1. When only the heavy atoms of the protein chains count and the probe is 1.4 Å, how do B:124, B:152, B:61 rank by accessible area, highest first?
2. What is the calculated FRET efficiency for residue A:71 to residue B:52, with r their C-beta to C-beta distance and R₀ = 41 Å, to the nearest 0.05?
3. Across region B:43-166, what fraction of all alpha-carbon pairs, as a whole percent, falls in each successive 5 Å bin from zero upward?
4. Ranked from the most accessible area to the least, with a 1.4 Å probe and all protein chains present, what is the order of B:47, B:106?
5. Checking the cross-link filter: which aspartates and glutamates have an alpha carbon closer than 17 Å to that of residue B:87, excluding same-chain neighbours under 8 positions apart?
6. Want the number for residue A:150 to residue A:136: 0.36 nm per residue separation, take away the alpha-carbon distance, what's left?
7. Relative contact order, percent, of chain B when contacts are C-alpha pairs under 8 Å separated by at least 6 residues?
8. Over region A:46-169, what is the relative contact order in whole percent, taking alpha-carbon pairs under 8 Å and six or more residues apart?
Amino acid sequence: MKRIEIKNVIITVLMVIIVGMSIGYSLLTTQLLIKGNVQIATKWILGISSIEKVDTKGEAYEKSPPNHTLNTATFDVGLKTPSDSITYNIKIKNTGTINAKLNKITVSTDYDSSPAIDYKIEGVEENVTELPSGGENNIMVTVKWNESYDNNFEEALSKTVTIAFDYIQS
Amino acid sequence: MDKRNYLIAGLLVAVIFMGIGFAALTAQLTITGTATIDSTWDVKITEITQKTLSGATQDKEPTHTTNSATFSVKFTKPGDYAEYDIKVTNNGTLNAKLKNITISPEDVTNAQSGIKYTVSGVTEETTTLDSNQTNTVTVKAEWVGTDTSMPEETTKQVTITLDYEQY
């Protein structure tokens, strides 16, 4: 009887040891790391660098000096007699590293604006004009009192125009 | 005289038997067991290769150790991307399973602009890696193609952690 009891004790102890080893065995793990680094090595920087009056005809005058930010240029002129006009040169520079192209020119005017005032854009052409890195576009905008238009002065006497130049990567 | 000899002999035999019985009652039993772990746990990165470069350039050759792989690329325009295949091999005798994939920072996987990362080829809690088998993890880095302006972050690093465990 004692032999059986001792054997049972030893067997039981060994089983406990084996079970314990199995539990420890199931916790094996490994952690692997993947590291990625991405750098955008180019610069997309297009902007208005200046606006300058380059021509005046008749009695046209600047009501306030033109001004600009990187993305907008504004001017405000007065036209006293038919055929008066002022022309501005707006420079757009590409100081980035990516070549650009003028994709679209959009002109919009305010509602109920004077039909006697004309705007003309010269120097660039949508889908044609390129603006390479380091390059410059010169856009001429002329505002004029159309002398051939019979204005009875009962219509609107002012006209605000917004011209948008959309450049894309070429 | 003979009777005493018999008695002595009998007593001696009794003593001997009693000794034998006593010895039997106190016999020591010994069981010796030896256990050896003859299996191995060996899951590691064995290779990283450039899969695709579209508009992108490699800043430096990809490298790896048994526990990590690294790559570095440069983009020049929206839509540029690079893909790398990272091989994870089980050289041990114990089967493994991909328990968890952790990507840091978290927002790189669903970026709507700028730099985006995507991991494919493996699925956590599903992909297994049996002994002598290989998992191929594909990591794609890209400049989101719909961007029309420069992103605020022009450099972005990511760390992808793969946790394998025995199953």
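1. From most accessible down to least: B:152, B:61, B:124.
2. Values: r = 36 Å, r/R0 = 0.89.
Approximately 0.65, to the nearest 0.05.
3. 2, 11, 20, 22, 18, 12, 8, 4, 2, 0, 0
4. Values: B:47 70, B:106 155 Å².
Result of the area sort, largest leading: B:106, B:47.
5. B:42, B:47, B:61, B:124, B:130, B:163, B:165
6. Numbers: separation 14, 0.36 × 14 = 5.04 nm, distance 3.90 nm.
Between residue A:150 and residue A:136, full extension yields 1.1 nm more.
7. On the way: 312 pairs, mean separation 37.8, N = 167.
Answer for chain B is 23 percent.
8. Values: 296 pairs, mean separation 36.5, N = 124.
After rounding, I find 29 percent.
The values are calculated or read from the model by the stated rules, or taken from the named source; none is laboratory data. Small disclaimer: the values here were computed from a predicted structure and weren't measured. Here the Cβ is made from the backbone with ideal geometry for all residues, glycine too, and neighbour counts use every protein chain on show. With ligands, DNA and RNA removed, areas are computed over all heavy atoms of the protein, side chains included. Shrake-Rupley method; radii C 1.70, N 1.55, O 1.52, S 1.80 Å.
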